[in-house]
Structures are given as structure tokens and as C-alpha cells.
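We did not get these values from a lab; they are worked out from the coordinates using the rules stated. Keep in mind that this is a model prediction, so the values were computed, not measured. No Cβ is skipped: glycine too gets one built from the backbone with ideal geometry, and neighbour counts run over all protein chains shown.
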């Protein structure tokens, strides 16, 4: 069957956004939590769960701009353009910190266990501070701003439910504060982000069924 290229972009973005939402839940659900000041913390850092959960978080953030890209194609508004750009830049600034968390702390945990020295755990503070932390904070703030712009754009459009962007925006605004809480609240936050991602994904998918502009019928791909 023939599918307009524009609609194909929207479908792929909707799928990416839905996967991203699920991964935002799995990240805090799988991540091991401990005091991170003892050999118990070293075991958490050195665990497979630590690697898997943080890799899932990186994939979740990587897929997020693809969802914004679908709304850019669907709505074609200036706000959605800036939402996409800010989200892309924000994710780019966020991922290096997650890389340090994932692989840097994993290496520290392995070495602490090998040496049976809890003192090495203090090296985690070095990984989590400095320029990397600054870029991480800026990145998350940019993603939050991008989500606000996206929600405003959705609200002003007549194509999607006006409130469909609000859960994702709330989730991204709360992304930094949720780091100061324990696992149950962090999983709850992940559920909020997932609801936002999945809701927008469904709206994108449904919106793509609208009759395409006849002028765009020649731009099709055949599946």
C-alpha cells in the first residue's frame, strides 16, 4: 500500500516516543538503589542491573527527539521547530553525564569490590560533579523548555487533544527534583513521563490517519 512520506515520519516518531516512555519507567525500576557509601554501593555500581538500567535511560532520551520530530512534521509550527531543536541539544548535553554514570561508576564499583575498599566509592563524586554535571543540568532544563514549547504548540493546534502534552511537560520539569528521592517516587515519576510520551504517541498515530493533502500524494513510499 502507499503511505505518504510525511505520515511515515509521524508513525516512526510515534513508535519511538512510545518506546521511550516505557524505558523511562524501566530505568528507575531496574536501577539498584543503595547507600552508595559502602561495599553495598560498590556492588550496586558493579551490577548488571546498573548497566542495563542506565543504558535504557540513554536510549529513552535518544528516542525522545524523534518523537518531537514527528510533531514538527505534523504541526509544522515555529514552536514545534524550536521544541525539536532544544530537545535535540538538551539530550546531547544530557547523555555524557549518563555515560559517566553508566560506565564510570561501573568501573569504580568493580575496582572497589576487587580491592574490598569502600574508600574508592568516594570517587563517584568526581564522576558526578564538575563540567559534566553542569552540562547535565543545562541539558535537562533545555528538554524541559522544549516540552513546554511542545505543549503550547499542541494546545494551540486543533489537531490533537489540548492537554495531551501536559504530563510530559510536568515529567520533564520534575526530572531534576526527582533525583533527590528514593526509588518508589522515582518510579512514579517515570510513570508520569511514560504517560506523557504514550499519550502524545497515540495522538500522533491517530492524527496520521487524517486524509493527506492531495498535493502530497505524489510523495509516497510503498510498503
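Angle of helix 78-99 to the longest C-alpha principal axis of the chain, folded into 0 to 90 degrees and rounded to 10: 20°. Helix 5-30 and the longest principal axis of the C-alpha atoms of the chain enclose an angle of approximately 20°. If one computes P(r) from the Cα atoms of the chain, what percent of pairs lie at distances over 24 Å? When every Cα pair of the chain is considered, 47 percent fall beyond 24 Å.
So what's the convex hull volume per residue for the Cα atoms of the stretch 1-110, in Å³? Don't skip to the end; give the middle numbers.
On the way: hull volume 11.7 nm³, N = 110.
Spread over its residues, the Cα hull of the stretch 1-110 gives 107 Å³ apiece.
Give me 128, 31, 186 ranked fewest to most by other Cβ atoms within 10 Å of their Cβ, as a rough exposure proxy.
Listing 128, 31, 186 from fewest to most nearby Cβ atoms yields 128, 186, 31.
Helix 48-75 sits at what angle to the longest principal axis of the chain, using alpha carbons and giving 0 to 90 degrees rounded to 10? Once rounded, one gets 20 degrees.
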